[in-house]
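Let me begin by presenting the structure, written as C-alpha cells, before commenting on it.
The values are calculated or read from the model by the stated rules, or taken from the named source; none is laboratory data. No experiment lies behind these values; they were computed from the predicted model shown. Note: ideal-geometry Cβ built from the backbone for every residue, glycine included; neighbour counts use all protein chains shown. Remember, those area values only see protein heavy atoms, side chains included, never the ligands or the DNA or RNA. Shrake-Rupley method; radii C 1.70, N 1.55, O 1.52, S 1.80 Å.
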Amino acid sequence: MYALTRHSVRLYQAAGFRLQSTLVIAEHDNKRILPITLNAISAAKKLGGDVSCLVAGSNCANVAAELSKAAGVNKILVADSEALIGFMPECLTPVVLAVHNQFKFTHIVAGASAQSKSLLPRVAAKLDVAPISDIIEVKAPDTFVRSIYAGNALITLRSKDPVKTVISGGRGMKSGENFQLLYTLADKLNAAVGASRAAVDAGFVPNDMQVGQTGKIVAPELYIAVGISGAIQHLAGMKDSKTIVAINKDPEAPIFQVADFGLVADLFKAVPEMIEKL
C-alpha cells in the first residue's frame, strides 16, 4: 500500500458551495523538486482556493520538506513506495486517483513535461473528463472559477510553437516501463514522445502516442526513432522530418534507409549515455 501522510494541513469548509481546491503533481528526482513544479504551483495559485501538492516517489521525504517551504502551498500529500521508483504513469495514476477521491479537488495541475503528458490523460480517462493541455496562461477573477476540465473555465489558451523534436519508441523498447528512458531524454531536449504502431499494439503506450499512417503525422526539425524497425506504416507518419536519427541494434532495419544519422547500438545503453551527456 501507499503511505499517505499530510504536512501543514489547513482545511477549509463553506456551506452552500464547493470551495476551489487544486492538486499539483510535484515532479522530482526523489531528492529535490524540479523547477517545473514551481511553475505549476504558480499557475495553481492563480486559480484561487486551496493548493495541495502530491509528492509520489521512493524515499522522497526530503522533497516534501523542501516543498513545504514553497509559498502558497497549503497541503502536502506524500505517497512513498518502492513501487513508485521510475515514476511510471501506470503506477502513479492510481495514487493520483486515490488522493483525488479523498479530497475531491476541483483542479489537477502539472507542468508541461513528458511525464505529465503521459500521466494526466490516464487520470482524465479514469475520471471521465477531458484534459486541457498546452496552457501557457491562466487568468482567474476574484470570484469562483469552475473546474479546469469544464468547457467554460476561465483559461486563456494561446498558440504555441510547434514541437521541434519528437522521440519515438518501438517494439524494441520491450515494455511500457522502459519508455521512461524516452520521457527522461525528452525532458532534456524539450521534446514530445511518440511511438510506433507495434509499441501501441503491444500495450506499451496509449493510442494517442502513435506516429504513423493510422496515427499522428509529424514533421519536426529532429525526429529520433528508438528501437523502431521502420515499417512503411510508421515511415508515412514521420518521413518529412527535417533530420531523422535512428537507434537500432539491427543494422538491416529499414529505418536506416530513411535516416540521416544511424546508430547501430543497444538502445538500453545508447539512450542512458545520451541522457548523461545532455
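Scanning the range 231-254 for residues that are open to solvent by less than 10 Å² (accessible area, probe 1.4 Å), hydrophobic (A, V, I, L, M, F, W, C) and either over 21 Å from Asp201 (Cα atoms) or under 26 Å from the mean Cα position of the chain (by Cα) (or both) gives Met238, Ile244, Ala246, Ile247. Scoring Ala186 on the criteria (1) exposed (fewer than 14 other Cβ atoms within 10 Å of the Cβ); (2) in contact (Cβ under 8 Å) with a residue 24 or more places away in the chain; (3) in contact with a strand residue (DSSP E or B) (Cβ under 9 Å, 6 or more places away or on another chain) leaves a single failure, condition (1). Cys91: free of Cβ contacts under 8 Å to residues at least 12 places away in the same chain and closer than 17 Å to Leu120 by Cβ, yes or no? Judged against the criteria, Cys91 is a match.
Conditions tested, residue by residue: (1) closer than 19 Å to Leu119 by Cα; (2) modelled with pLDDT of 90 or more; (3) surrounded by fewer than 22 Cβ atoms within 10 Å (Cβ to Cβ).
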{"position": "Leu157", "(1), (2), (3)": "no, no, yes"}
{"position": "Ser175", "(1), (2), (3)": "yes, yes, yes"}
{"position": "Phe179", "(1), (2), (3)": "yes, yes, no"}
{"position": "Thr214", "(1), (2), (3)": "no, no, yes"}
{"position": "Gln257", "(1), (2), (3)": "no, yes, yes"}
{"position": "Phe261", "(1), (2), (3)": "no, yes, yes"}
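Considering only residues in the range 234-264 that are outside any strand (DSSP E or B) and of a type in the set (S, T, N, Q), the one that is nearest to Gly215 (Cα to Cα) turns out to be Ser241.
Once the range 43-63 is narrowed to residues that are over 21 Å from His107 (Cβ atoms) and in a helix (DSSP H, G or I), the residue that is most open to solvent (accessible area, probe 1.4 Å) is Asn62. Scanning the range 125-134 turns up no residue that is open to solvent by 60 Å² or more (accessible area, probe 1.4 Å), farther than 25 Å from Val205 by Cα and at pLDDT below 90. Restricting the first member to the range 191-210 and to residues that are under 13 Å from Arg122 (Cβ atoms), and the second to residues that are assigned to a helix (DSSP H, G or I) and at pLDDT below 90, the beta-carbon pairs closer than 9 Å and six or more apart or on different chains are Val205/Ser118; Pro206/Ser118; Pro206/Pro121; Pro206/Arg122; Pro206/Ala125; Asp208/Pro121; Met209/Ser118.
Per the listing Ile167, Ile247, Ile217, Ile224, the residue uniquely β-branched (Val, Ile, Thr) and more than 29 Å from His28 (Cβ to Cβ) is Ile217.
Each residue in the range 81-120 was checked for being open to solvent by 10 Å² or more (accessible area, probe 1.4 Å), within 19 Å of the chain's Cα centre (by Cα) and over 25 Å from Ala186 (Cα atoms), and 3 of them qualify. Pairing residues of the range 266-278 that are within 9 Å of Ile247 (Cα to Cα) and of a type in the set (Gly, Ala, Ser) with residues that are at pLDDT 95 or above and outside any helix (DSSP H, G or I), at Cβ distances under 7 Å and at least 6 apart in sequence or on separate chains, gives Ala270/Ile247; Ala270/Leu263.
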